Amino acid sequence: MLKCFGVLLLSASAVFAQGNATAYDALRTVGNQLNRDFVNRVISLTGVDGNPQPATWRILIDDPNARGGIREVEVTNGRVTSNRITSRGVAGTSQGATINPARLNLDSSGAYEVASRTADSSHVPFGLVSYTLRTNDHGDATWVVTLENQNRRPVGTIYIGANKGTVTRTEGMFAGAPMDAVVEDHREGDVGDEERTGDNRIMRSVRHMFYNAREQAQETFKRVRHNFADYIRGND
């Protein structure tokens with residue numbers, strides 16, 4: 001059973017005075033204004049066109065009291081601006097797909113820093129950022145960060161573990177690589193550069209850059225690590 005953080009929710013007025021809210025801020029708003037237990041039932045958070053944080057967060061919540069079981073909440077400027085039951089499809093089922101808040105160590109601001117460091121290592125310029133926090137196939141919370149140019153055209157996507165900050169997958173990203181150039185490695189900790197049989201020259205280069213960028217991103221995570229429980233308790 002997930003530990004309930006709702007009873008420790010604090011006022012967020014000071015935070016929202018400092019620009020667009022982060023994902024943690026939006027979750028606290030949901031707990032304060034709707035239901036404290038909702039922070040333990042989140043299926044996903046999504047924010048688009050962030051600069052670097054989005055103006056609005058859309059949050060899907062596993063709500064057994066809702067018809068269909070899915071509640072969709074939108075948070076803008078520290079306020080719940082939409083709260084409705086949705087028939088929006090969720091990959092798989094909502095059961096078992098909720099995010100464990102006890103294993104959240106990366107707010108969207110930290111996800112931005114990790115993604116930005118990876119983009120710098122990849123020599124990929126970007127202007128806007130879109131975010132999705134959801135569980136992966138193993139049930140681990142993962143940030144999917146899509147970097148966009150000023151015309152909102154994607155230039156690369158980075159998958160970052162929300163528990164240990166590991167970059168597990170990139171799509172596009174590296175200068176000279178096509179958007180369908182995907183590198184994936186879900187191992188955590190220090191791992192060496194790995195080549196695969198059948199890699200062409202471009203993919204060998206992309207894979208080498210992936211592991212270099214991943215190592216640098218891990219150093220960034222150590223600096224921006226931010227535990228959700230500490231945030232809710234005010235120990236940040």
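Descriptive notes on the structure:
- The combined condition, being of a type in the set (A, V, I, L, M, F, W, C) and at pLDDT 90 or above, is not fulfilled by VAL206.
- Some residue of the range 175-187 being at negative phi, of a type in the set (Asp, Glu), open to solvent by 30 Å² or more (accessible area, probe 1.4 Å) and at pLDDT below 85: yes
- Selection from the range 53-77 of residues that are crowded, with 20+ Cβ neighbours inside 10 Å and touching a residue at least 40 places away in the same chain (Cβ under 8 Å): GLN53, PRO54, VAL73, VAL75
- Residue ID - surrounded by the most Cβ atoms within 10 Å (Cβ to Cβ), chosen from residues in the range 138-164 that are within 13 Å of the chain's Cα centre (by Cα) and part of a loop (DSSP other than H, G, I, E, B): ALA162
- In the range 113-137, residue surrounded by the most Cβ atoms within 10 Å (Cβ to Cβ) [restricted to those that are out of contact with any strand residue (DSSP E or B) (no Cβ under 8 Å at 6 or more places or on another chain) and in a helix (DSSP H, G or I)]: ARG117
The values are calculated or read from the model by the stated rules, or taken from the named source; none is laboratory data. Only a predicted model underlies this, so the values are computations on that prediction, with no experimental measurement involved. Here the Cβ is made from the backbone with ideal geometry for all residues, glycine too, and neighbour counts use every protein chain on show. The accessibility values were calculated without ligands, DNA or RNA, using every heavy atom of the protein model including side chains. Shrake-Rupley method; radii C 1.70, N 1.55, O 1.52, S 1.80 Å.
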